[in-house]
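Here's the structure we're looking at; comments come further down.
The values are calculated or read from the model by the stated rules, or taken from the named source; none is laboratory data. On a predicted model such as this, the values are computed, not experimentally measured, just so you know. Reconstructed Cβ throughout: ideal geometry from the backbone, glycine too, with neighbour counts over all protein chains shown. With ligands, DNA and RNA removed, areas are computed over all heavy atoms of the protein, side chains included. Shrake-Rupley method; radii C 1.70, N 1.55, O 1.52, S 1.80 Å.
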Amino acid sequence: MNAEVIGLKLLFAVSNMSGLTETERAGCIKILMFMSKGDLLSLSDTVTNKLIVVEDEKEATQTILSFTKNAEEFLRRKKVHRDIIFKYLVKEGVTMPPNSEKHQLVKRTLAHWSPGRGVGDGTCSRETDDTDMLPNSTNTEPEEGFDPQVLAQQFCQWFFQLLNSQNLSLGQQPQDWGPQHFWPDVKLYLRVSAGSEQVEEFLGAELVSLRLQALTREERLLLSPNLEPHGLRALASPHGLVMVAVAGTIHRNDACLGIFEQIFGLIRSPLESNSWKIKVVRLKIRGQDALGGTVIAAPALNYNSTELQLLCS
């Protein structure tokens, strides 16, 4: 009993000393909600060196947060399993390959919580209307200082989170996918090399929207883009068309099936709050057979600026 009293006094003394920001605190709470009661109580014992006796999950959560020095320390705890972090990122709409290692998930989670991330701040990311977070519904004008690479980064984060949310096997709420994100005369060129090669073409917002949605909803695929500089490139034409090219890996459950390269042509719609809409999509998928049985975790983009320039013309 004396140890418990000492522990409670200690908790009061350090309750305001946690190094977590409000965003990190909210994220940690969501992660702790994925943990079993046993693991939660065990983690509470670990961080307090068993000085504090907690009665339930709520007390354990508060105690863990109070004794956490920083977000990285929390995420690297043994009881904060890799699968828990992955589930949290999925619920947040953050795309990561299912076979990612824990240190990669920790790094991505810390980036998700970092200040100035620009889209949501953890505490309200799931309550915010999805349409308020789309980079193609902002009013960024392509005037002096416009950076197509920044648009490409924001667009790809939005697009692949939206598309992957249609995969019901991930257990997340599907976001507002549909033809409204495309121009009425949008074209889709789809080339799949997996054993044999198949080429498909679709014209019109409804057909293009349904075919892309089928990749994740019916075929249960997860597209993980490589948003590092070697996997993402953008080019703006003088006529208002912005070409975005991105490479990435394709997964189903825990299996990596191959890689993809995707090019988007984006044009601003001044009649719809200056939103960016998709004019053309070129998607090339290569399965492991076409790659000789090996898949690079973060594939590089093969398209160069000259090729994108030709596609812009």
Are any of the residues in segment 21-30 of a type in the set (Gly, Ala, Ser), modelled with pLDDT of 90 or more and closer than 25 Å to residue 85 by Cα?
-> yes
Run down 128, 109 and say which single residue is of a type in the set (Ser, Thr, Tyr), closer than 27 Å to residue 80 by Cα and modelled with pLDDT of 50 or more.
-> 109
Options 172, 180, 198: the member that is surrounded by fewer than 18 Cβ atoms within 10 Å (Cβ to Cβ) and within 25 Å of the chain's Cα centre (by Cα) = 180
Restricting attention to segment 208-220, does a residue exist that is part of a strand (DSSP E or B), within 21 Å of the chain's Cα centre (by Cα) and not β-branched (Val, Ile, Thr)?
-> no
Which strands (runs of 3 or more DSSP E) sit wholly inside segment 225-290 and have at least 2 residues that are of a type in the set (A, V, I, L, M) and within 16 Å of residue 95 (Cβ to Cβ)?
-> 242-252, 255-269
Residues satisfying the stated conditions in segment 216-238, i.e. over 20 Å from residue 107 (Cα atoms), in contact (Cβ under 8 Å) with a residue 60 or more places away in the chain and open to solvent by 30 Å² or more (accessible area, probe 1.4 Å) = 233, 235, 236
Give segment 41-81 a look and list any residue that's open to solvent by less than 50 Å² (accessible area, probe 1.4 Å), within 15 Å of residue 25 (Cα to Cα) and touching a Ser or Thr at 6+ places or on another chain (Cβ under 9 Å), or say none.
-> 60, 61, 63, 64, 65, 66, 67, 68, 71, 74, 75
One residue from 245, 255 being closer than 21 Å to residue 212 by Cα and open to solvent by less than 10 Å² (accessible area, probe 1.4 Å) = 245
Complete set of residues in segment 209-227 that are basic (Lys, Arg) and more than 13 Å from residue 283 (Cβ to Cβ) | 217, 220
